[in-house]
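Heads up, the thing below is written out as structure tokens.
The values are calculated or read from the model by the stated rules, or taken from the named source; none is laboratory data. For clarity, every value in this text was computed on a predicted model and none was experimentally measured. Backbone-built Cβ (ideal geometry, glycine too); neighbour counts: all protein chains shown.
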Amino acid sequence: MFSKFFFAVAFFSVITLSHSHPHLFIKSGIEFVENETSVTGIRVQWSWDSYWSADVIAGCDTDRNGVLSDKEVKAVFTDFFDGIKEFNYFMELHVNGKKTPIKSITNFHAQIESDKTVTYFFTIPFTTGNIPLNTLKVGFNDDTIYVAFDKNLKVSNGTLYGFSDMTIGTFGYYGFSASFNINKM
């Protein structure tokens, strides 16, 4: 009796674990959106793996020319991006040490790269008004553990503001967070 029970527990544990891993992978980048007095948001770049990219291209590049038209980009947004809104776009923001809700995404764009992968670009405006930004923490994570984020975040300085003292930490199972100071250049 014990051996059957042990076998059943072991079997279901292996089955559960074999399905509890990411299937899609993202390389992330951010750059500052700024005005003369503060950083007003971040522009996010997600470079998808070849598997997700193939699905996006097959579903949205309807004329099969390897370039996403405005109409095709809208289809990418609707069919392959907007659904993660309920998961806070797989992100968490802390501005000046305070958790900041992601209320909207603007300027969404998608493009097919020369290696046939797809990159998304979108802006997250901060809701802090014109308060100077001193610290920023950005977390990337999919709580469903379906998507994993590469921890090699590419951060681009703006023309007026730059970053320093970046630290990378764990955030969720297959995510990460990046914290840094913001400095006027």
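Assorted remarks:
- Residues (closer than 10 Å to LYS137 by Cα, surrounded by fewer than 20 Cβ atoms within 10 Å (Cβ to Cβ) and either hydrophobic (A, V, I, L, M, F, W, C) or in contact with a Lys or Arg (Cβ under 9 Å, 6 or more places away or on another chain) (or both)) located in the range 170-185: SER179, PHE180
- Any hit, the range 137-145, residues being over 24 Å from ASP55 (Cβ atoms) and modelled with pLDDT under 90: no
- The single condition from (1) touching a Lys or Arg at 6+ places or on another chain (Cβ under 7 Å); (2) touching a residue at least 24 places away in the same chain (Cβ under 8 Å); (3) β-branched (Val, Ile, Thr); (4) in a strand (DSSP E or B) that THR127 fails is (4).
- One residue stands out in the range 100-149 among those that are among the aliphatic types (A, V, I, L, M) and under 21 Å from ILE168 (Cβ atoms): the one that is farthest from the chain's Cα centre (by Cα), namely LEU133.
- Apart from one condition, VAL138 fits all of (1) touching a Ser or Thr at 6+ places or on another chain (Cβ under 9 Å); (2) surrounded by fewer than 21 Cβ atoms within 10 Å (Cβ to Cβ); (3) within 20 Å of PRO22 (Cβ to Cβ); the exception is (2).
- Looking only at residues in the range 25-45 that are crowded, with 18+ Cβ neighbours inside 10 Å and touching a helix residue (DSSP H, G or I) at 6+ places or on another chain (Cβ under 9 Å), the one that is farthest from ASN157 (Cα to Cα) is ILE26.
- On inspection, VAL67 qualifies as touching a residue at least 40 places away in the same chain (Cβ under 8 Å), more than 25 Å from SER156 (Cα to Cα) and not in a helix (DSSP H, G or I).
- Against the numbered list (1) at pLDDT below 95; (2) assigned to a helix (DSSP H, G or I), HIS94 comes up short only at (2).
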